[in-house]
1. What lysines does Lys206 reach when the alpha-carbon gap must be under 25 Å and sequence neighbours fewer than 8 apart in one chain are set aside?
2. Checking the a/c ratio against 1.5 first, then a/b against b/c, what shape does the Cα gyration tensor give for segment 193-291?
3. Quote the relative contact order of the chain in percent (integer), defining contacts as alpha-carbon pairs under 8 Å separated by 6+ residues.
4. Hey, got the Cα dimensions of segment 114-258 along the principal axes, in Å, largest first?
5. With just the Cα atoms defining each centre, how far is segment 203-247 from segment 425-480? Give it in Å.
6. Divide by every residue of the chain the summed helix terms, -39500 (n - 2.57) for each DSSP H run of at least 4, and state the resulting mean residue ellipticity at 222 nm, rounded to the nearest 500 deg cm²/dmol.
7. Excluding Ala340 itself, what net charge comes from residues whose Cβ is under 9 Å from its Cβ, given Lys and Arg +1 and Asp and Glu -1?
8. Where does each of 186-193, 284-291, 379-386 land if you order them by average Cβ count within 10 Å, highest first?
Amino acid sequence: MARRGGRRRIGVLACGALLLAGCGAAEPDRATPALTAPSPTAGRSFAPGAPGAGDPYFPSYGNGGYDVAHYTVKVRYDPATDRLTGTTTLRATATANLSAFNLDLAGLTVRSVTVDGAKAAHTRAGDELVVTPATGLTSGNGFVAEIRYDGRPAALDNDVLGEAGWLHTTDGAIALGQPESASTWYPVNDHPSDKATYDLEITVPKGLTAVSNGAPKGRSTTGDWTTWRWSEDAPMASYLTTVAIGKFRVTTGEHKGRPVYSAVTTQVAEGAPDRSIARTIEVADYLESIFGPYPFDAYGGVVVADDRIRYALETQSRPVYSAGFFRQGDNTGVIAHELAHQWYGDSVSLQRWQDIWLNEGLATYAEWLWAEHDGESTVQHTFEQKYATTSSQVWRIPPGKPGVENLFGRSVYERGGMTVHALRVAVGDSAFFSILRTWAAENKNGNATTDEFVALAERVSGKKLDKLFDAWLYGTDRPAEPKPL
Ligand SMILES: [Zn+2]
């Protein structure tokens, strides 16, 4: 994610799901499902899955007891009435013996749930959907759940970033947000530790475009409705899913055998946004020369104009940019930032939100690399300027442990970027760029932690780096100027 200029608003995330966990309202329904004898589950102990994935920063995000492999999300949305009708089918594997399991779903009304084709009981507890299948799910076994739902989607309030989730706009809708947004338009295991592949079908009134993640898979019109199909074949964290519905200037193409699909809202005049987005391939190829192979099967970007979206987000294979980034003219810095996340954040995802600097520090550093490549300031100069002028407030916040209230604060970005440069100075260019490439290659399509990054950096460089990372990631003062080790 990149924030638009000016001071970042710092506040406490007003996350409904988080508050629910605090007041204990998210307890799953513990009613035992009626089992018909003889049952394949007889004699085993079955229990409800946890209502959270166990992230210390966001205890209610995600759920326990299963691992989703694939989502098929089909939604129909009518901007005139702001009504969404959806059917989401997910293919998952139980990781515990489950009598019930939770999905995250904010608002909307669930009409029916089936598990492996059999009707399942379902209850709601705030933003949790509790599903009780007719028979228990055995650990290690696959299952398929289908949920039908509808209603007026509601955004999730977030004091730090503004509203996130499904937003009704003047010409359609935008579904976007970090650290959560997906649960406003489909039932989901909403934590980056459970990545899955996706097929997305978005049906909208004829004449509107519906852009989503991954490769375009065609569209068809029946009557007054057009269905747009997209698929993302690489595992994707749920907060990286997006839909943008409206009127767009669309450009398509192909690069290295992969589809390119970019869209700029017609609410802004043709110019800087279009020119900047058109450089997506050039920027991606430059980053590929540094980070290793581009990790996904499609390229692109979407420019939106809505006052509630004051940021850009690295939605997988197709970042979404606020038009505000291009108000002063062409801006490829933000493109470099969001494209860098395709490697660091999207392909290599967080295991827990505390490690957000791994995403933002590396993406900020990519902006500095791109600026040097594009003939602007050198990386060394950028570092020196930041090191000299960054406020003491930033030095007081450790980017490796920023707290929920500073998850997207300046320390995570600026000091995160400076941490990456301190590593480069310490280990030298050859080892440094090898660390970046090895990190992307070894964790491709996976999840990773700060401790794993430090261990990999030590392994690749052959140097002991604990003191460096302790000072840069966890200290509450400005670290000493970096020197070669
Ligand atoms: Zn970012």
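The values are calculated or read from the model by the stated rules, or taken from the named source; none is laboratory data. Note that this is a predicted model, so its numbers are computed, not measured. Reconstructed Cβ throughout: ideal geometry from the backbone, glycine too, with neighbour counts over all protein chains shown. What goes into the accessible areas is simple: the full protein's heavy atoms, side chains included, and nothing from ligands, DNA or RNA. Shrake-Rupley method; radii C 1.70, N 1.55, O 1.52, S 1.80 Å.
1. Here the lysines satisfying the reach criterion relative to Lys206 are Lys74, Lys217, Lys247.
2. Details: a/c = 1.95, a/b = 1.17, b/c = 1.67.
Since a/c reaches 1.5 but b/c is at least a/b, the shape of segment 193-291 is classed as oblate.
3. Working: 1162 pairs, mean separation 60.9, N = 485.
Once divided by the residue count of the chain, the mean separation gives 13 percent.
4. Sorted from largest, the Cα extents of segment 114-258 read 49, 39, 35 Å.
5. Comparing the Cα centres of segment 203-247 and segment 425-480, I get a distance of 38 Å.
6. Numbers: 11 runs with 112 residues, N = 485.
One gets -7000 deg cm²/dmol as the mean residue ellipticity at 222 nm.
7. Values: positive: none; negative: Glu314, Glu338, Glu367.
That works out to -3.
8. Numbers: 186-193: 26.8, 284-291: 18.0, 379-386: 16.4.
Most protected by this proxy first, the peptides run 186-193, 284-291, 379-386.
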